[in-house]
Amino acid sequence: MMAADQRAHSHESHTAGAGQGPVAVEVGSGVGALLLWTGPEMDGAELDITPVGHEARRRHVAVLPRHLPDRTVHAAVYPLLTPGRYQVWDQHGVPHLEVDVADGEITEAHWHG
């Protein structure tokens with residue numbers, strides 16, 4: 001997906017030391033979360049998320065390895081999201097995918113390419 005307006009911005013990592021254990025997220029009435037599965041090539045990438053139409057309200061988290069008993073997977077976890085449609089942006093500030101975050105649920109999506 002190509003962006004008509006590509007604004008450069010920098011981020012400090014706010015996730016140093018994260019991903020060292022299980023992830024707990026709170027969901028309920030009026031609160032959802034997004035679990036974004038990626039491949040290992042995305043390890044460490046900080047990906048922004050915004051409500052569609054509100055690009056100034058950016059939040060970002062890092063893709064981290066998640067160690068399961070039988071394998072390691074890579075994912076970004078976006079907690080405490082108001083239900084609705086969201087845009088996920090790549091590391092270069094280009095919109096990559098849109099996803100509907102459900103009320104009271106952990107919505108799962110996959111990052112391709």
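The values are calculated or read from the model by the stated rules, or taken from the named source; none is laboratory data. Nothing here was measured: the structure is a model prediction, and the numbers come from that model. Virtual Cβ from ideal backbone geometry, glycine too; neighbours counted across all protein chains shown. For accessibility, only protein heavy atoms count, side chains too; no ligands or nucleic acids. Shrake-Rupley method; radii C 1.70, N 1.55, O 1.52, S 1.80 Å.
Considering the range 52-68, and only residues there that are under 18 Å from Val25 (Cβ atoms) and in contact (Cβ under 8 Å) with a residue 12 or more places away in the chain, the residue that is most open to solvent (accessible area, probe 1.4 Å) turns out to be Arg59.
Consider the range 20-32. How many of its residues are open to solvent by less than 20 Å² (accessible area, probe 1.4 Å) and either out of contact with any Asp or Glu (no Cβ under 8 Å at 6 or more places or on another chain) or of a type in the set (Phe, Trp, Tyr) (or both)? Can you show your working first?
In the first step, residues of the range 20-32 are kept if they are open to solvent by less than 20 Å² (accessible area, probe 1.4 Å); the result is 32.
Subsequent filtering for residues that are either out of contact with any Asp or Glu (no Cβ under 8 Å at 6 or more places or on another chain) or of a type in the set (Phe, Trp, Tyr) (or both) retains none.
Residues that pass the stated criteria total 0.
In this entry, Val31 passes the filter for residues that are among the hydrophobic types (A, V, I, L, M, F, W, C), out of contact with any Cys (no Cβ under 8 Å at 6 or more places or on another chain) and either farther than 20 Å from Gln91 by Cα or at pLDDT below 95 (or both).
Residues are listed down the side, and each one gets a yes or a no for (1) open to solvent by 90 Å² or more (accessible area, probe 1.4 Å); (2) in contact with a strand residue (DSSP E or B) (Cβ under 8 Å, 6 or more places away or on another chain); (3) assigned to a loop (DSSP other than H, G, I, E, B); (4) aliphatic (A, V, I, L, M):
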residue: Asp70; (1), (2), (3), (4): yes, no, yes, no
residue: Gln87; (1), (2), (3), (4): no, yes, no, no
residue: Gln91; (1), (2), (3), (4): yes, yes, yes, no
residue: Val99; (1), (2), (3), (4): no, yes, no, yes
residue: Glu108; (1), (2), (3), (4): yes, yes, no, no
residue: Gly113; (1), (2), (3), (4): yes, no, yes, no
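A search for C-beta distances below 9 Å between a residue of the range 93-113 that is closer than 20 Å to Pro40 by Cα and any residue that is modelled with pLDDT of 95 or more and open to solvent by 90 Å² or more (accessible area, probe 1.4 Å), counting only pairs 6+ apart in sequence or on different chains, returns Leu97/His110. In the range 52-105, which residues are within 15 Å of the chain's Cα centre (by Cα) and on the phi > 0 side of the Ramachandran plot? Across the range 52-105, the qualifying residues are Leu80, Gly84, Gly93.
Restricting attention to the range 33-45 and to residues that are under 16 Å from Arg71 (Cα atoms) and part of a strand (DSSP E or B), the residue that is most open to solvent (accessible area, probe 1.4 Å) turns out to be Trp37. Going by the conditions given, is Gly19 at positive phi and either out of contact with any Leu (no Cβ under 8 Å at 6 or more places or on another chain) or at pLDDT below 90 (or both)? Yes, satisfied. Taking the stated definitions as given, is Gly113 under 20 Å from Val31 (Cα atoms) and of a type outside the set (S, T, N, Q)? When the stated conditions are applied, Gly113 does not pass them.
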